[in-house]
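Presented below is the structure to which this report refers.
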Amino acid sequence: MSGKGVLSGVRIVEFAGIGPSPMAAMLLAELGAEVLRVDRTTKVQLGTHKPERFNLLYRSRRTIDVDLKAAEGKALALDLVAKADIVLEGFRPGVMERLGLGPDDCFARRPGLVYGRVTGWGQEGPLSAYAGHDLNYVALSGALHAIGAKDGPPIPPLNLVGDFGGGALYIAMGVLAALVQARATGKGQVVDAAMVDGALSLMTVFYGVNAAGLFSTERGTNALDGSDPYYAVYACADGKYLSVAPIETRFREVFSDIAGLELRGHPDLTPTTAEAKERVRQLIAAKLLTRTRDEWAALFAASDACVAPVLSVEEAPSHPHLAARRSFTTLDGIVQPVPAPRMPGNDRPATLARRDDPAGALADWGIDAARAEALKTAGLLA
């Protein structure tokens, strides 16, 4: 894959999974790591089937299909691990051990290896052996209970909090931290990233607020869950929405002036009771219904009012700010976000996922063409 990147020289073997592990592998690949994704030869259909080109989490690295249940396939995987700095896997506890590819098997080949494991429930505990998905892990953390409208049920926050926030980002951070230590000491370690732990970690500030007696477990009654009229989403004349978040008084004054609410110096600029907050909410709601979303967005654009239009995934690429930052790219006809984060030492662009040349991919990892051909002939390398 093109571009040097800040992780240039770091080699990662990713044992293909779903959710957080491919997201983490994509992030690391786009920071410059050389990632080889090892998939199964027999695919398991999960959810709605779509051509692989639309699974954007597979981009920026090569994929090979290996029968890991066969002795020769396992031997190939261990030879790849022996050349890697990091292993990423996202299976239930015990699966990799049963394949002969667990931490002990891999450390025997590469003592300085960082072995990253991302699961929902973690490697131990009464739920560790059981199935679950993002929503279940977020449910246990307290995060799901806190998200939703007052007097309504909790609302699933896509799979951003468990899979990607609590899983992918934490395993990526963990393996990079462990790699620093491994390179200093020559000794590897296992990184256990559980999505339930990551979701809990993301909720740290709210556990503190709750301990201080400043957090209500009733949805829609806290400052950041829609209770405050100055931190909410409002409908506009065209049925589209604005996000309104002028939390600080000086920003509320700017918002009030542009919206024509004339609230400078008025108590409604800092309402403290539930009744006052509801009155201000209705006042703002009525005002914002007088123009379309984009008309309001244009008025608020060059200001500190802390207002932004609520965009769909189809609209976001055309927003002037995102366009100016070149926040999207088009690969294989698919518009998609560019790699993040940005830094001067990283010039690695997103590239298409590649599954076309397993022999070439293996050659880059020191596996000769004859062995690759033999594996293909035996049906162990698709």
Quick check on Lys187: is it within 30 Å of Ala286 (Cβ to Cβ), in the same structural domain as Gly90 (by TED's automatic domain parsing), over 24 Å from the mean Cα position of the chain (by Cα) and part of a loop (DSSP other than H, G, I, E, B)?
no
Ser227 is checked against (1) surrounded by fewer than 18 Cβ atoms within 10 Å (Cβ to Cβ); (2) outside any helix (DSSP H, G or I) and fails just one. What number does that condition carry?
(1)
Where Ala199 falls short, out of the listed (1) assigned to a helix (DSSP H, G or I); (2) more than 26 Å from the chain's Cα centre (by Cα); (3) surrounded by 13 or more Cβ atoms within 10 Å (Cβ to Cβ)
(2)
Tally, over the range 332-357, of residues that are modelled with pLDDT of 95 or more, part of a strand (DSSP E or B) and within 22 Å of Leu7 (Cβ to Cβ)
2
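I'd like to verify a number: residues in the range 291-319 that are in a helix (DSSP H, G or I), within 24 Å of the chain's Cα centre (by Cα) and loosely packed, with under 14 Cβ neighbours inside 10 Å, how many?
Count: 1.
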Can you pull out the residues in the range 46-73 that are in contact with an Asp or Glu (Cβ under 7 Å, 6 or more places away or on another chain) and surrounded by fewer than 16 Cβ atoms within 10 Å (Cβ to Cβ)?
Arg53
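Inspect the range 261-271 for any residue being more than 30 Å from Leu214 (Cα to Cα), charged (D, E, K, R) and not in a helix (DSSP H, G or I) and give the result as yes or no.
Yes.
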Starting from the range 354-382, take each residue that is in the same structural domain as Val38 (by TED's automatic domain parsing) and under 12 Å from Arg62 (Cα atoms) and list its partners that are modelled with pLDDT under 90 and of a type outside the set (D, E, K, R), counting only C-beta distances under 8 angstrom and pairs at least six apart or across chains.
Pro358/Ala382
One residue from Ile147, Ile155, Ile171 being surrounded by fewer than 20 Cβ atoms within 10 Å (Cβ to Cβ), touching a Gly at 6+ places or on another chain (Cβ under 6 Å) and at pLDDT 95 or above:
Ile155
Out of the residues in the range 201-229 that are without any contact (Cβ under 8 Å) to a residue 60 or more places away in the chain and in contact with a helix residue (DSSP H, G or I) (Cβ under 6 Å, 6 or more places away or on another chain), which is nearest to Ala297 (Cα to Cα)?
Pro229
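Sort out which residues of the range 362-381 are in contact with a helix residue (DSSP H, G or I) (Cβ under 9 Å, 6 or more places away or on another chain), under 22 Å from Ala84 (Cα atoms) and not aromatic (Phe, Trp, Tyr), and write them in order of number.
At the first step, the residues of the range 362-381 found to be in contact with a helix residue (DSSP H, G or I) (Cβ under 9 Å, 6 or more places away or on another chain) are 362-363, 365-369, 371-376, 378, 380-381.
Within this subset, residues satisfying the condition of being under 22 Å from Ala84 (Cα atoms) are 362-363, 365-369, 371-372, 375, 380-381.
Those that are in contact with a helix residue (DSSP H, G or I) (Cβ under 9 Å, 6 or more places away or on another chain), under 22 Å from Ala84 (Cα atoms) and not aromatic (Phe, Trp, Tyr): Leu362, Ala363, Gly366, Ile367, Asp368, Ala369, Arg371, Ala372, Leu375, Leu380, Leu381.
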Residue check for Ala324: surrounded by 14 or more Cβ atoms within 10 Å (Cβ to Cβ) and either among the β-branched types (Val, Ile, Thr) or modelled with pLDDT of 95 or more (or both)
no
Failed criterion for Val161 (all others in (1) surrounded by fewer than 14 Cβ atoms within 10 Å (Cβ to Cβ); (2) β-branched (Val, Ile, Thr); (3) within 18 Å of the chain's Cα centre (by Cα) hold):
(1)
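Per-residue answers, yes or no, for (1) in contact (Cβ under 8 Å) with a residue 24 or more places away in the chain; (2) touching a Gly at 6+ places or on another chain (Cβ under 6 Å):
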residue	(1), (2)
Ile64	yes, no
Gly73	yes, no
Val81	yes, no
Met96	yes, yes
Asp104	no, no
Just to check your reading of the model, which residue among Leu113, Leu80, Leu101, Leu76 is crowded, with 19+ Cβ neighbours inside 10 Å and either touching a Cys at 6+ places or on another chain (Cβ under 6 Å) or not assigned by TED's automatic domain parsing to the domain that holds Ala33 (or both)?
Leu113
Those residues that are under 17 Å from Val233 (Cα atoms) and part of a helix (DSSP H, G or I), I need them from the range 272-290; list them, please.
Lys277, Glu278, Arg279, Val280, Arg281, Gln282, Leu283, Ile284, Ala285, Ala286, Lys287, Leu288
Please specify each residue of the range 66-83 satisfying the condition of being farther than 14 Å from Ala374 by Cα and outside any loop (DSSP other than H, G, I, E, B).
Lys74, Ala77, Leu78, Asp79, Leu80, Val81
Members of the range 262-290 that are buried (at least 18 other Cβ atoms within 10 Å of the Cβ) and of a type in the set (A, V, I, L, M)
Leu263, Val280, Ile284, Leu288
Candidate set from the range 92-131 (those that are in a loop (DSSP other than H, G, I, E, B) and polar (S, T, N, Q)); member that is farthest from Val180 (Cα to Cα):
Ser128
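The values are calculated or read from the model by the stated rules, or taken from the named source; none is laboratory data. In this text, all values refer to a predicted model and were calculated from it rather than measured experimentally. Cβ: placed from backbone, ideal geometry, glycine included. Neighbour counts: every protein chain shown.
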